[in-house]
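First the structure, in the form of structure tokens, and then the observations on it.
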Amino acid sequence: MSEMSIYIDGKYYPKAMAKVSVYDHGLLYGDGIFEGIRIYDGNIYRLNSHLERLYESAKTIMLTIPMSIGEMKEACVATVKKNGLRDAYIRLMVTRGVGDLGLDPRKCPKATVIIIVDSIKMFPPEYYTKGLEVATVPTTRNMSDALNPKIKSLNYLNNVMAKLEANNMGVPEGLLLSAQGYVTEGTGDNIFIIKDGILQTPPTYDGALAGITRSSIVYMSKDLGYKCEKKTLTRHDLYNAEECFLTGTAAELIPVVKIDGRIIGTGKPGPIFKKLLTEFRKLTKTDGYQVYGKGKKK
Ligand code: PMP
């Protein structure tokens, strides 16, 4: 592959030269936000939705992004074009920027904008066909009044802890519960179950990110004639589901066949999951911004 070009504050750098200051508060305090975005056959999937979420996260943490949403969109498209990739992953980060060693954000005059376009693999391919075994982990999801999981912040230690615990249990992914014991999400993905033919996913107020893949599934399932509900779920609901799957930009749609040692449904990826996956594959090539063709608004 030819040398990658990474965007930092309006300039491109080769991977080995793409660096930020050790005084950047993104590094010192995890003070910043990010998005993970996929490109499918030259289509930046739901780019506008990702940018809207980024600017919402910025508003909550009072981070001034030094460019408009339109300029950010152009920067993402230009970085994809510069790297010439048709199927890839965009990691867009905005950090608080360079400050001093204290955490006061007022000491950081300008946010740092970074755009990486590269490939990403979350899980080995066999999990997509055979299904994943997951486990609920001891670490609970951040409480909304401490650090709202709707903010896609650069501080992912809560999720990293959950991943470590899943690793220690010998399963590829962990599920985080809320402090009240309700199901929230995976370490980098949302969760759906199917019960009595109805799709159910935890509401964001139980402690989940408003996932863009999640929202695609909500709309898509309705188009396919299924009912889809945002509903508080317990582990009992998971164990007794007919089907279960995770959704995320990096993970895409991945079936779950075992949770905490309980076999889910038949123990194989279910029929509704398979239908949704087929539709999702179609949607990813059309719903978004066509980098190498005519740009679409969506
Ligand atoms: N939850 C968490 C904690 C995540 O990091 C992600 C990945 N961004 C998701 C859910 C899935 O969100 P999306 O579908 O927008 O990628």
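Descriptive notes on the structure:
- Amide H within-cut-off set for ASP260, under 5 Å, with H built and near neighbours excluded: VAL134, ALA135, THR136
- Share of pairwise Cα separations in the range 5-118, more than 23 Å, in percent: 27 percent
- Relative contact order (percent, whole number), the chain, Cα cutoff 8 Å, 6+ residue spacing: 20 percent
- Highest average packing first - 90-100, 8-18, Cβ atoms within 10 Å: 90-100, 8-18
- Cα long-axis angle, helix 47-60 against the chain (0 to 90 degrees, to the nearest 10): 80 degrees
- Between PRO125, LEU157, LEU177, the Cα set farthest toward the positive side of the dipole of the range 110-216 (charges on each charged residue's Cβ, about the Cα centre) is that of LEU157.
- Beta bridge orientation in the range 27-176: antiparallel %, DSSP, nearest 5: 85 percent
- Between LYS274 and ALA16, the FRET efficiency from the beta-carbon distance, with R0 = 51 Å, is close to 0.75.
- Cα centroid separation, the range 260-290 to the range 146-186 (Å): 22 Å
- Size descriptor, Kirkwood hydrodynamic radius, that averages inverse alpha-carbon separations across the chain, Å: 20.0 Å
- Efficiency of FRET between ASP104 and LYS81 - r from beta-carbon atoms, R0 35 angstrom, step 0.05: 0.40
- Proximity of backbone amide H atoms, modeled 1.01 Å from N, is registered between GLU185 and LEU176 at under 5 Å, excluding neighbours fewer than 5 places apart on the same chain.
- Principal-axis tilt of helix 212-223 within the chain, Cα atoms, nearest 10 degrees: 50 degrees
- TYR55 paired with GLU229, simple spin-label distance in nm, labels 7 Å along Cα-to-beta-carbon: 3.5 nm
- Rounded tilt (10° steps) of 69-83 against the dominant C-alpha axis of the chain: 90 degrees
Rule-based calculations on the coordinates, nothing more; no lab input. Just so it is clear, the structure is predicted and the values come from calculations on it, not from any experiment. Virtual Cβ from ideal backbone geometry, glycine too; neighbours counted across all protein chains shown.
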